[in-house]
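A.B. asks: First the structure, which I've put down as structure tokens, then a few questions once you've had a look.
The values are calculated or read from the model by the stated rules, or taken from the named source; none is laboratory data. It should be emphasised that the depicted structure is a prediction, and the values quoted were computed from it without experimental measurement. So basically every Cβ, Gly included, is an ideal-geometry build from the backbone, and we count neighbours across all protein chains shown.
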Amino acid sequence: MLIGILSDTHGLLRQEVIDAFKGVDLIIHAGDIDNKAVIDRLEEIAPVTVVRGNADKEWAENLPETAIEEFLGNKIYVIHNKGKIHDDLTGISIIIYGHSHKYSLVEKDGQVWFNPGCCGKRKPEQEVSFALLEISGSGQFEFRKRVIDNSGQDSRLPKDIDRIISKAMDMTDKGKTHKEIAKKLKISEELAESICRMYLTHPGVDVAGILQRIS
């Protein structure tokens with residue numbers, strides 16, 4: 001049994017994650033999805049178990065706060081924020097959570113607590129990670145950490161890229177050229193041109209969608 005695990009995508013589903021999850025039996029997303037399109041794309045790869053995160057608003061109101069799965073005698077409990085666990089975890093083998101954006105694998109009182117880290121939009125200094133979980137029997141499982149190298153990708157993007165994209169979209173609507181936008185927002189003409197092109201060629205795209213395409 002092979003399970004892909006991710007969390008805190010915040011509207012950005014990276015190609016490295018899609019490639020790594022090909023062939024898995026199940027995908028678990030521990031919340032802060034921020035965009036239904038992320039789940040739709042994951043469901044094209046494998047069945048998805050997903051819980052709602054604190055950043056998942058109206059569109060996600062029907063998503064559960066917690067989920068329980070069982071495979072080969074191993075019960076898996078999923079929640080976004082482990083600080084909000086109120087359930088009895090007796091009999092649970094693995095607790096999967098997110099929220100902190102930090103990869104963590106800890107065994108405590110016979111249970112494994114696992115956070116795959118953040119693999120979507122994050123602060124420039126944060127690691128980008130997700131994981132694969134292979135289960136071979138009761139009490140027999142292995143987590144495989146995957147880290148995405150973004151040294152050549154996101155380093156060119158400003159820390160306030162969300163705000164920049166939003167303002168560039170507004171300026172584009174007002175007829176401003178990418179050169180004018182670059183000057184006003186103090187960004188490179190290359191970045192301004194990329195944002196404008198994505199906005200104009202993908203009707204209805206939002207800030208997260210543009211960021212996913214230019215990252």
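A.B. asks: Go through (1) assigned to a helix (DSSP H, G or I); (2) in contact with a helix residue (DSSP H, G or I) (Cβ under 7 Å, 6 or more places away or on another chain); (3) under 17 Å from Glu134 (Cα atoms); (4) not charged (D, E, K, R) for Trp59 and report which single condition fails.
C.D. replies: (3)
A.B. asks: Filter the stretch 83-94 for residues that are free of Cβ contacts under 8 Å to residues at least 24 places away in the same chain and not in a loop (DSSP other than H, G, I, E, B); which is surrounded by the fewest Cβ atoms within 10 Å (Cβ to Cβ)?
C.D. replies: Per the stated criteria, the residue is Gly83.
A.B. asks: Further, regarding this structure: Check Glu142, Glu127 and return the single one that is modelled with pLDDT of 85 or more and within 15 Å of the chain's Cα centre (by Cα).
C.D. replies: Numbers: Glu142 fails: within 15 Å of the chain's Cα centre (by Cα).
It is Glu127.
A.B. asks: I would also like to ask the following. Could you please give the count of residues in the stretch 62-81 that are assigned to a strand (DSSP E or B) and either within 19 Å of the chain's Cα centre (by Cα) or under 17 Å from Lys36 (Cβ atoms) (or both)? Show your work before the answer.
C.D. replies: Of the residues in the stretch 62-81, the ones assigned to a strand (DSSP E or B) are 66-71, 74-79.
Restricting the remaining residues to those that are either within 19 Å of the chain's Cα centre (by Cα) or under 17 Å from Lys36 (Cβ atoms) (or both) gives 66-67, 77-79.
Residues meeting the conditions: 5.
Residue-wise test of (1) among the hydroxyl-bearing types (Ser, Thr, Tyr); (2) closer than 22 Å to Gln15 by Cα.
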{"site": "Ile161", "(1), (2)": "no, yes"}
{"site": "Ile164", "(1), (2)": "no, no"}
{"site": "Lys167", "(1), (2)": "no, no"}
{"site": "Thr177", "(1), (2)": "yes, no"}
{"site": "Ser194", "(1), (2)": "yes, yes"}
{"site": "Gly204", "(1), (2)": "no, yes"}
{"site": "Val207", "(1), (2)": "no, yes"}
{"site": "Ile210", "(1), (2)": "no, yes"}
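A.B. asks: For the stretch 105-120, give me each residue that is in contact with a Ser or Thr (Cβ under 9 Å, 6 or more places away or on another chain) and loosely packed, with under 12 Cβ neighbours inside 10 Å. Break it down into steps so the answer makes sense when it comes.
C.D. replies: Within the stretch 105-120, the subset in contact with a Ser or Thr (Cβ under 9 Å, 6 or more places away or on another chain) is 110-120.
Matches in the stretch 105-120: Gly110 only.
A.B. asks: Of all the residues that make up the stretch 62-82, how many are hydroxyl-bearing (Ser, Thr, Tyr) and surrounded by fewer than 18 Cβ atoms within 10 Å (Cβ to Cβ)? Explain how you work it out, then say what you get.
C.D. replies: Step one: list which residues in the stretch 62-82 are hydroxyl-bearing (Ser, Thr, Tyr), which gives 66, 77.
Keeping just the survivors that are surrounded by fewer than 18 Cβ atoms within 10 Å (Cβ to Cβ) gives 66.
Qualifying residue count, the stretch 62-82: 1.
A.B. asks: Return yes or no: is Ser151 at pLDDT 95 or above, over 18 Å from the mean Cα position of the chain (by Cα) and surrounded by fewer than 16 Cβ atoms within 10 Å (Cβ to Cβ)? Before you say what the answer is, go through the steps one by one.
C.D. replies: Values: at pLDDT 95 or above: no; over 18 Å from the mean Cα position of the chain (by Cα): yes; surrounded by fewer than 16 Cβ atoms within 10 Å (Cβ to Cβ): yes.
No, not satisfied.
Residue-by-condition table, conditions (1) at pLDDT 95 or above; (2) more than 19 Å from Arg146 (Cβ to Cβ):
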| site | (1), (2) |
| --- | --- |
| Ile3 | yes, no |
| Leu6 | yes, no |
| Arg14 | no, no |
| Ala37 | no, yes |
| Glu43 | yes, yes |
| Thr49 | yes, no |
| Ala55 | no, yes |
| Trp59 | no, yes |
| Glu70 | yes, yes |
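A.B. asks: Among the residues of the stretch 12-54, which ones are without any contact (Cβ under 8 Å) to a residue 12 or more places away in the chain and part of a loop (DSSP other than H, G, I, E, B)?
C.D. replies: The answer is Glu44, and nothing else.
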